[in-house]
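Enquirer: This is the structure I want to talk about, given as structure tokens.
The values are calculated or read from the model by the stated rules, or taken from the named source; none is laboratory data. Only a predicted model underlies this, so the values are computations on that prediction, with no experimental measurement involved. Here the Cβ positions follow ideal geometry from the backbone for every residue, glycine too, while neighbour counts run over all protein chains shown.
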Amino acid sequence: MVFATTASLLKAVVVNPGGQSFMGEVVGTAMSKTIKVRVPKVKIHPVVQKPAISHKTFFAHDAEETCVVGDYVRIDSCRRLSKHKNFVLGEIVKPAARYVDTKGVLHTQKAPGVGEIDKLQKLKERKGLDHM
């Protein structure tokens, strides 16, 4: 009979085979080895009988820190990892568009502030304010 050390048991993150699994978009990667995933939930509004989309945010464990903001991912339930983390990254279903600028900084399409200059330029062209 072989016994594993407690250190090796703590490193292993076991996914619950019958547990929950959600698909959502990564909205935050500011914490180390943690991602914030926004999961949409569609339900019928009781009065108007139309679909209403609500969202819930989950924290998930990303051991290799491979996710960036804008990725569409699957998260699987696991044992409790911290006060707020009960999920682990299952897979990246659809990666966000990534590019490196001239300074060597990695950007994604969904990163804040990216593309704002292009939007302003397009607005000026539409309004006829190119000469300013």
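Enquirer: Take the residues of region 73-82 that are modelled with pLDDT of 95 or more and more than 9 Å from ALA60 (Cα to Cα): which is surrounded by the most Cβ atoms within 10 Å (Cβ to Cβ)?
Expert: VAL73
Enquirer: Of all strands (runs of 3 or more DSSP E) completely enclosed by region 33-103, which ones contain at least 2 residues that are farther than 22 Å from PRO17 by Cα? Let's see the steps before the verdict.
Expert: Working: elements: 34-44, 51-61, 72-77, 85-94, 98-100.
Qualifying strands (runs of 3 or more DSSP E): 34-44, 51-61, 98-100.
Enquirer: Which number in (1) touching a Phe, Trp or Tyr at 6+ places or on another chain (Cβ under 8 Å); (2) under 25 Å from LEU106 (Cα atoms) marks the one condition that LYS85 misses?
Expert: (2)
Enquirer: Sticking with this one: Taking region 24-62, which residues are surrounded by 11 or more Cβ atoms within 10 Å (Cβ to Cβ) and aliphatic (A, V, I, L, M)?
Expert: VAL26, VAL27, MET31, ILE35, VAL37, VAL39, ALA52, ALA60 - these are the residues of region 24-62 that are surrounded by 11 or more Cβ atoms within 10 Å (Cβ to Cβ) and aliphatic (A, V, I, L, M).
Enquirer: Let me ask something additional. Tell me, yes or no, whether region 59-68 has at least one residue that is more than 17 Å from ALA30 (Cβ to Cβ) and modelled with pLDDT under 95.
Expert: no
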